[in-house]
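All remarks here apply to the structure that follows.
The values are calculated or read from the model by the stated rules, or taken from the named source; none is laboratory data. On a predicted model such as this, the values are computed, not experimentally measured, just so you know. Here Cβ is always computed from backbone atoms with ideal geometry, including for glycine, and neighbour counts include all displayed protein chains.
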């Protein structure tokens, strides 16, 4: 199952961003992010073995630049899931520019 979700800018944290992404007042402004993710269910004859999320793409604007982050050579996209609420909902994003790691938190 494939999904697209809009993550509000207030739920996105950006760390160690390059200064060229900032505006004239050295503030790092960013817009909402749109993430594409899938949910996979691994099943066996006895029932469900596991439920997994996979983020394929994150699109957003930081400063005056548009970015499309994809898991691959330059950036690593990780998922942290808390399935105790019996739901899967992309809740927030952390972007570590220094280590090139993006973490999407699901709850």
Those residues of region 1-32 that are touching a strand residue (DSSP E or B) at 6+ places or on another chain (Cβ under 8 Å), modelled with pLDDT of 90 or more and outside any strand (DSSP E or B) come to a total of 5
Search region 62-78 for residues that are without any contact (Cβ under 8 Å) to a residue 60 or more places away in the chain and pair each with any residue that is crowded, with 18+ Cβ neighbours inside 10 Å and outside any strand (DSSP E or B) when their beta-carbon atoms are under 8 Å apart and the residues are at least 6 apart or on different chains.
none
In region 63-90, anything in a strand (DSSP E or B), surrounded by 13 or more Cβ atoms within 10 Å (Cβ to Cβ) and modelled with pLDDT under 90 is listed as 71, 81
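Determine which member of the set 35, 51, 102, 93 is buried (at least 16 other Cβ atoms within 10 Å of the Cβ) and either touching a helix residue (DSSP H, G or I) at 6+ places or on another chain (Cβ under 8 Å) or in a loop (DSSP other than H, G, I, E, B) (or both).
Details: 35 fails: either touching a helix residue (DSSP H, G or I) at 6+ places or on another chain (Cβ under 8 Å) or in a loop (DSSP other than H, G, I, E, B) (or both); 51 fails: buried (at least 16 other Cβ atoms within 10 Å of the Cβ); 102 fails: either touching a helix residue (DSSP H, G or I) at 6+ places or on another chain (Cβ under 8 Å) or in a loop (DSSP other than H, G, I, E, B) (or both).
Just one listed residue meets the conditions, 93.
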Can you confirm whether region 85-100 contains a residue that is touching a strand residue (DSSP E or B) at 6+ places or on another chain (Cβ under 6 Å) and without any contact (Cβ under 8 Å) to a residue 40 or more places away in the chain?
yes
